[in-house]
Amino acid sequence: MRTTDMPPSKDVGQQAVALSWRLYLLITLLITTAISGTVNALLALAMYSGKKAAAARVWSFPNTLGGDLIITAIVTCIVTWVISPSLAMRDLVIGSPIRIKPSSFPKFPMSMPRWFTHRPLFVSYPHDRVARGVALLHQLRAGFVVGLAFAVFLAVPISIVLGVAEARAGGGAVWHRKTLVWVKALFGGLGAALCAHLSLWILINQHAFRVSSKTAESGYVSGGSEDLSEGVPLLKDKSNAAVDDTTFGEETVSEGSRSFFINAGVVSAPPSYMTREVRDSDRDAAREPCPDRIVEDLGGAFGMGCVGGFLWHFVKGARNSPRGERLHGALYSAKTRAPILGSSFAVWGGTFSAFDCSLQYIRQRDDHWNAIASGFLTGGVLAARGGWKTASKNAVVGGILLAIIEGVSALLMKSSSQTPR
């Protein structure tokens, strides 16, 4: 197995193409735009036949162009948010076949909020399925939220403009198949490029900030080599090619390779939810501690409910409104119903988190049983006005839902802890 105790591979360093970060970003965005635009064009060709294209309208079901753009924005951002930072981090760490010059990193990197920081799949432990699963869920969650934002601030305004153009064109067949293919391809390429740019901007600031922090703490300085320029805290006498991903499929990463990732500022030390021996807990330790967690969950649930409720009631209002009043009806339905749904989400999230923190204080443990019991109590308390029968049913439903989520996570964690590394 190849570890950091082996001599550096000069062949890889010589064969690698050295690029500045801006040039690397430009090339990545061009490739992302081309791939996403091509995929969306092929999907449009499959979705819109001649008859469906003629019957398509911006806000009319079933062939709604606005709904298609909203779904495209969300899915594109989720896929881009998972793939782009993982591939870019691989180039940052291994440096082959593309090596990014450390001197081109931001000189004054920003400290990113914890919720939007990346956990690229490449730097997760190869054989720790739980760690890779946690990283994937983190990327999917952040990508979904960014996708909702792109849908609201990009897809909806474009759909409104297309709706105005459709209304001015009058009746009959407004849209043609080629037009819809071009619209979907251009929107998919533009959305992927914007999402990838935001994702990589967060990644390079996150990486450069950790590199500068590790440099200040460890005192590593550059040896004057262009390959390791500008004081990047790599291990002494080791190149960016010290990690060979061919070993990932056969053996686990050695402790030397893990220390390489940590010292290089790629990742911090494994959090406690990846090492069961650190604390008596199986849950994500990256969350805010109690009681701050209550406020965080309450605000997050309210925001999620408002954004999701706006999209849901916007589409529902447009569908139930008469022709000529679809946009007005959609906006009226969304702005009146979305805050109500957001408040319901906030009440559920705040109550659940309050019970969770209370059980954590009583039991002096932060494990999956707290979440299951909190779901049971939350469902019962919020339905208490309906009588004990209704409260019992909702309590059971809440407990079962949380048991499914937490139970599967606990089983994966248990099976992973029994496998020696």
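Read-outs: derived from the displayed coordinates by stated rules, not from any lab. Just so you know, these numbers come straight off a predicted model, no measurement behind them. For neighbour counting, all protein chains shown are included, and Cβ atoms are generated from backbone atoms with ideal geometry for every residue, glycine included.
Projecting each Cα onto the charge dipole of the stretch 283-421 (Lys/Arg +1, Asp/Glu -1 at the beta carbon, about the Cα centre), which of Leu341, Ser374, Ser321 comes out farthest on the positive side?
Ser321
If amide hydrogens are placed 1.01 Å from N in the peptide plane, which non-local residues have theirs closer than 5 Å to the one on Asn63?
Result for Asn63 returns Arg57.
By count of other Cβ within 10 Å, fewest leading, how are Cys290, Cys357 ordered?
Starting with the residue having the fewest Cβ neighbours, the order is Cys290, Cys357.
Taking amide H atoms as placed 1.01 Å from N in the peptide plane, list the residues 5 or more away in sequence, or in a different chain, whose amide H sits under 5 Å from that of Ala18.
Here Arg99 satisfy the definition.
Please report Rg over Rh for the stretch 283-421, where both radii come from the alpha carbon positions and Rh follows the Kirkwood definition.
We get a ratio of 1.11 for the stretch 283-421.
What order do you get for 401-408, 326-333 when each peptide is scored by the mean count of other beta carbon atoms within 10 Å, highest first?
The peptides rank, most packed first, as 326-333, 401-408.
Give me the distance between the Cα centres of the stretch 19-37 and the stretch 337-407, rounded to whole Å.
45
Would you mind working out the magnitude of the charge dipole of the stretch 283-421 relative to its Cα centre, with +1 at each Lys and Arg C-beta and -1 at each Asp and Glu C-beta, to the nearest 20 Debye?
The calculated dipole for the stretch 283-421 is roughly 600 debye.
Order these peptides, 362-368, 66-72, 150-156, by their mean beta-carbon neighbour count within 10 angstrom, highest first.
66-72, 150-156, 362-368
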